[in-house]
Amino acid sequence: MGQLFAYVCSDDSLSGELMAGCEEVLGQVAPNERAGLGLAWAQGGRTLVRKQPGKRAAGVALGALLADVPSRAVVAHVRAQQEGRLAASALQPFRAGAWVWAQEGFGPDDEGAYAALREQVPEHLRQRLGGRALAEVMFFSAYASMERVWKRATERERWREAAGAMADALVRARGLLEGALAPGAEKGGAAVAARDRGLIALAVDQPLYVRVVRGLDVNDERRSQERVERVARERFRAVLVSSAPTPGVGPGWEPLARGQALWVDESWEVFRTSLKALLPGGTRG
């Protein structure tokens, strides 16, 4: 099993310190067990990706790589060796418009499921599908709806509406993918989507783990530094999300249970609800 990891923060100049407290969670897939890794992030109105396929992934210090990204919204994915190697174009994460995306689980890259999901992608987006990766076609099947509701909703409602569109797409995709699972195989699946200053996390069939950071410590050595820096540390906000092959990912992390959803918007308020409440006909919680 691989791993997804994502965060949004209020000040990317402090992301290095944020990552310094994540050694345990970032080590869920050992470097010598990686078949590839990738990052995607929002920066200056654009989205960018960086991918390390095959053996190149083993030599990467993931925490340092994340800390070096000049962005307040980052998603990452580590592919495990047992899942097999892929070309760089097929590695996660993926990006489109202002969104970046990573997922974990949902089963193997099945040709029949891929073809069925591809039919749910609008024609103008199909030409952007590259490496026939399941995660990519699932993202694009969700992206069109997420972008449509984002543009139509009010600023207050757009994150919830986008989370609902994402949940609807993933639940429909899960129905198509269930037939590709081996008999007796356990269902699993979770996904994150982020854009500048916000993030959505859906624990569809497997739990995710969440850490909310409200301020960074100001130790005695820093008290003599500029007031501006001290205030920046006190006002620092971040929300981190990770999947994990084994329960628990270290102190400060709380589970987002199966069937639950979370999003954080520009106000840094963290919203939680059930997937059922987000789906069409659901009751708001």
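We did not get these values from a lab; they are worked out from the coordinates using the rules stated. Because the structure is predicted, anything quoted here is derived from the model rather than measured. Glycine also receives a Cβ, built like all others from the backbone with ideal geometry; neighbour counts cover every protein chain displayed.
Here are the numbers for this structure:
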item: Peptide ranges 254-262, 73-81 listed from the most packed, as the mean C-beta count within 10 angstrom indicates; result: 73-81, 254-262
item: For the chain, alpha-carbon Rg relative to the globular expectation (2.2 N^0.38 Å, N residues); result: 0.97
item: Between helix 158-177 and the chain: long-axis angle, C-alpha atoms, 0 to 90°, nearest 10; result: 40 degrees
item: Nonlocal amide H pairs with Gln260, under 5 Å, H built at 1.01 Å; result: Ala203, Leu275
item: Residue-averaged 222 nm ellipticity for the chain, from DSSP H runs of 4+ at -39500 (n - 2.57), nearest 500; result: -8000 deg cm²/dmol
item: Selected from Ser71, Ser13, Ser242 as most flexible by GNM, with the chain as the system and alpha-carbon contacts under 10 Å; result: Ser13
item: Inter-label distance, nm, simple model (7 Å from Cα along the C-beta direction), Arg132/Arg197; result: 4.2 nm
item: Most to least packed among 3-10, 21-28, 55-62 [average Cβ atoms within 10 Å]; result: 3-10, 21-28, 55-62
item: Estimated FRET transfer efficiency (Ser13, Arg272; beta-carbon r; R0 25 Å; 0.05); result: 0.30
item: Spatially proximal aspartates and glutamates relative to Lys51 (Cα-Cα < 17 Å; intrachain offsets below 8 disregarded); result: Glu33, Asp68, Glu83, Glu104, Glu136
